[in-house]
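The values are calculated or read from the model by the stated rules, or taken from the named source; none is laboratory data. Just so it is clear, the model here is predicted, and its values are computed rather than measured. Note: ideal-geometry Cβ built from the backbone for every residue, glycine included; neighbour counts use all protein chains shown. For accessibility, only protein heavy atoms count, side chains too; no ligands or nucleic acids. Shrake-Rupley method; radii C 1.70, N 1.55, O 1.52, S 1.80 Å.
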Amino acid sequence: MKDTDSFNATLAAATCALLGSSVATPVVAAEEAGRWSFDSTLLYYGESDDRVSDVSAAVSALRNFGDDRKLSATLTADTLTGASPSGAIALDRPQTFTSPSGRAAYTTSAGDVPLDDTFLDTRFALNASWTQPLARLYMFSAGFGFSTEYDYTHLGANLSLARDFNKRNTTVSAGVAYSQDDIDPVGGRPLPLSQMLDVGDNSNKRDGSESKDVLDLLLGFTQVLNRTTVLRVNYSYSDSSGYLNDPYKLLSVVDPVTGDTLTRTPGGLGPDGVYLFESRPDTRTKQSLYTEVKHSFGAPVMHFAYRYMTDDWGIDSHTGEVRLRWPLGDGYIEPQLRYYTQSAADFYHASLVAGTAVPRYASADFRLGDFDATTVGIKYGHDTSSGNEWSIRAEYYQQNGSVPREQIVGNQANREQYPDLSAVIVQFGYRFKL
Amino acid sequence: MKKLVLCLPLLALAGCAAVQPWERDVLARPDMSLDNAPLDAAIDDHIYFSKEASSGGRGFGGGGCGCN
C-alpha cells in the first residue's frame with residue numbers, strides 16, 4: 001500500500017470512529033418556501049374481544065420560511081373506549097372487582113381474563129418544532145410537546161443539533177429531550193401492593209398527583225452509502241424517574257396448590273378475591289440502538305429498520321421492520337411487515353403465591369411480560385392532479401405472550417394465562433398545500 | 001494489510017467515496033427521505049408505546065400518555 005493510501009485509510013477510520021453512530025437527515029424533500037403544507041390523518045384502532053378502540057385525528061402543518069427555516073406543528077385528538085386487562089388471572093368462577101373510582105363494582109365471567117371496562121378517555125396533544133441552519137453545515141432544531149387527558153398531563157421540550165460532513169454525505173447529530181408528566185389517577189393512587197378494598201373504602205388510596213420525569217439523549221449518524229442508499233444509526237439513552245406504576249393494574253394472590261385466587265368476603269359491595277395493586281421501581285434506564293437503511297431499486301424503494309432495546313428492568317427487545325414502496329399508476333402500493341419480541345421484566349409475576357414473601361416490586365401488566373408481536377399491513381397512496389396525495393393504510397397487529405412455566409400454579413395451566421391481543425388499524429391520510 | 005481489512009467496513013460506512021451533489025437525483029426524491037411519512041411514524045410510535053415495553057429509537061422516546 002502506498003503511503004498516501006495508508007494515510008487516507010487511517011484518517012477515514014479515525015473519522016468513522018469519532019462519528020460513532022440522527023436527529024436530522026442529509027436528504028430532505030424540499031418543501032416550497034412561503035407556502036403551508038399539511039398532512040392530515042384519520043385513524044381507527046380496534047382490538048378484538050371488545051377491548052380498546054381508538055379513533056384519532058391528527059393534522060400537521062409545515063411552513064418553510066426560506067433558507068431552510070421551518071416551522072412544524074401537529075395537533076392530535078384521540079378518543080379511547082373499551083376495556084383493558086387488569087392483570088388479575090382468569091378463574092373458573094366469576095370475579096368481582098371494585099372499579100378504579102372506588103364507587104362501583106364490576107364482574108368478570110368465569111373463564112374470562114379480567115378486563116377493566118371503565119376505560120374511557122379523550123386525549124389532546126400538540127407538538128411543535130422550529131428548525132433552522134445555525135451556520136454553514138449546522139442545523140438546529142427546538143421543539144416542545146404538550147398533551148392532556150383525564151388523568152394525565154405531559155409537558156416536554158427538546159433540542160438537537162446536526163452537522164454535515166463529507167460533502168453532506170455524512171450527518172452527525174445530538175439531541176436532548178426532557179419531559180415531565182403528571183398522573184392523577186381516577187379514585188386516587190393506590191399504595192403499592194395494597195389490597196383492593198370494598199366500594200367506598202379509599203383508605204389505601206392517596207389523593208393528588210404524582211409526577212414522572214424523563215430525560216432522553218440521542219446520538220445520530222446518517223450516511224449516504226451510494227447514489228441509491230442511505231443509512232441511519234441512532235443510539236438513544238432514556239432515564240425515567242418518579243411514579244412509574246400503572247395505578248389501575250392488579251395482581252391476583254393465589255393458593256399455592258390450586259393456583260386459584262384466594263377468596264375474600266366483601267363487606268357489602270366489593271372484591272370477592274384477594275387482589276393487590278402493582279408496584280414498580282421508581283427509576284428506569286433504557287438504551288437502544290436503531291439502524292435504518294433506505295435503498296432505491298430504480299423506482300421502488302425499500303426501507304429496512306432494526307432496533308435493539310435493553311433496560312434495567314430486565315427487558316430486552318428486538319424490532320425489525322420492512323416496507324417496500326412500489327409505484328403503481330399515479331401512486332404507489334407499500335406492503336409493510338413488522339416483528340417485535342421482548343423478554344419479561346424481572347418483576348413480572350402472573351400472580352403472587354400466598355404464603356411466600358411478597359416481592360418489593362411486582363406487576364402482572366401483560367406489557368411487561370414475555371411476548372412476540374407481528375404487524376402486517378399495506379398502504380396505498382395516490383397523487384392527485386393538483387399535486388396533493390391521499391392514502392389509505394390497513395394493518396393487522398397480533399400479540400402472543402407466554403407466562404414462564406415456573407410461574408404457573410395448579411389449575412392455571414388449564415386456563416388462558418396470557419391475554420393475547422389482536423387489533424385492526426385503518427388509517428386515511430391526505431396531504432395538501434395551501 | 002491487516003489494518004486495511006479492518007478499515008474496509010468503516011470506509012464503506014463513512015462513504016469515503018462521496019456522492020457528488022450532481023449525483024443526488026435519486027436521493028433527493030421525497031420517497032427516499034428518511035422521514036417521508038412523519039405522521040404514520042408518529043401514529044405507529046404511539047400505538048406501540050401503549051402496547052409494548054419499548055419506545056423510541058428512530059427519534060426521542062415518545063410517550064406522553066397514560067396509555068392503559
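Points worth noting:
- Condition met for B:ASP31 (at pLDDT 90 or above, under 26 Å from A:ASP239 (Cβ atoms) and of a type outside the set (S, T, N, Q)): no
- Failed item, numbered, when A:THR229 is tested on (1) within 9 Å of chain B (Cβ to nearest Cβ); (2) open to solvent by 40 Å² or more (accessible area, probe 1.4 Å); (3) modelled with pLDDT of 95 or more: (2)
- Selection of region A:416-434 for residues being in contact with a Gly (Cβ under 7 Å, 6 or more places away or on another chain) and part of a loop (DSSP other than H, G, I, E, B) yields A:TYR418, A:ASP420.
- Count of region A:319-358 residues, restricted to those that are farther than 30 Å from A:MET309 by Cα and not hydroxyl-bearing (Ser, Thr, Tyr), is 11.
- Taken over region A:378-407, the criterion of being open to solvent by 50 Å² or more (accessible area, probe 1.4 Å) and hydrophobic (A, V, I, L, M, F, W, C) is satisfied by A:ILE378, A:TRP390, A:ILE392.
- Residue check for A:LEU71: outside any loop (DSSP other than H, G, I, E, B) and either surrounded by fewer than 15 Cβ atoms within 10 Å (Cβ to Cβ) or facing chain B (nearest Cβ under 10 Å) (or both): no
Conditions (1) among the basic types (Lys, Arg); (2) exposed (fewer than 15 other Cβ atoms within 10 Å of the Cβ); (3) in a strand (DSSP E or B), marked per residue:
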{"position": "A:LEU269", "(1), (2), (3)": "no, yes, no"}
{"position": "A:LEU276", "(1), (2), (3)": "no, no, yes"}
{"position": "A:PRO281", "(1), (2), (3)": "no, no, no"}
{"position": "A:GLN287", "(1), (2), (3)": "no, no, yes"}
{"position": "A:TYR290", "(1), (2), (3)": "no, no, yes"}
{"position": "A:VAL293", "(1), (2), (3)": "no, no, yes"}
{"position": "A:TYR308", "(1), (2), (3)": "no, no, yes"}
{"position": "A:TRP313", "(1), (2), (3)": "no, no, no"}
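- Residue match in region A:91-108 (condition: in contact with a Pro (Cβ under 7 Å, 6 or more places away or on another chain) and open to solvent by 70 Å² or more (accessible area, probe 1.4 Å)): yes
- Residues of region A:216-251 that are of a type in the set (Lys, Arg) and over 20 Å from the mean Cα position of the chain (by Cα): A:ARG227, A:ARG232.
- Checking each residue in region A:351-395 for being under 21 Å from B:LYS51 (Cα atoms), out of contact with any Ser or Thr (no Cβ under 9 Å at 6 or more places or on another chain) and part of a loop (DSSP other than H, G, I, E, B) picks out only A:ASP365.
Residues checked against (1) among the basic types (Lys, Arg); (2) surrounded by 15 or more Cβ atoms within 10 Å (Cβ to Cβ); (3) away from chain B (no Cβ under 11 Å):
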{"site": "A:THR122", "(1), (2), (3)": "no, no, yes"}
{"site": "A:MET139", "(1), (2), (3)": "no, yes, yes"}
{"site": "A:HIS154", "(1), (2), (3)": "no, yes, no"}
{"site": "A:THR170", "(1), (2), (3)": "no, yes, no"}
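- Residue within region A:353-374 that is crowded, with 21+ Cβ neighbours inside 10 Å and of a type in the set (Ser, Thr, Tyr) present: yes
- The single condition from (1) at pLDDT 95 or above; (2) of a type in the set (A, V, I, L, M); (3) open to solvent by 10 Å² or more (accessible area, probe 1.4 Å) that A:ALA413 fails is (1).
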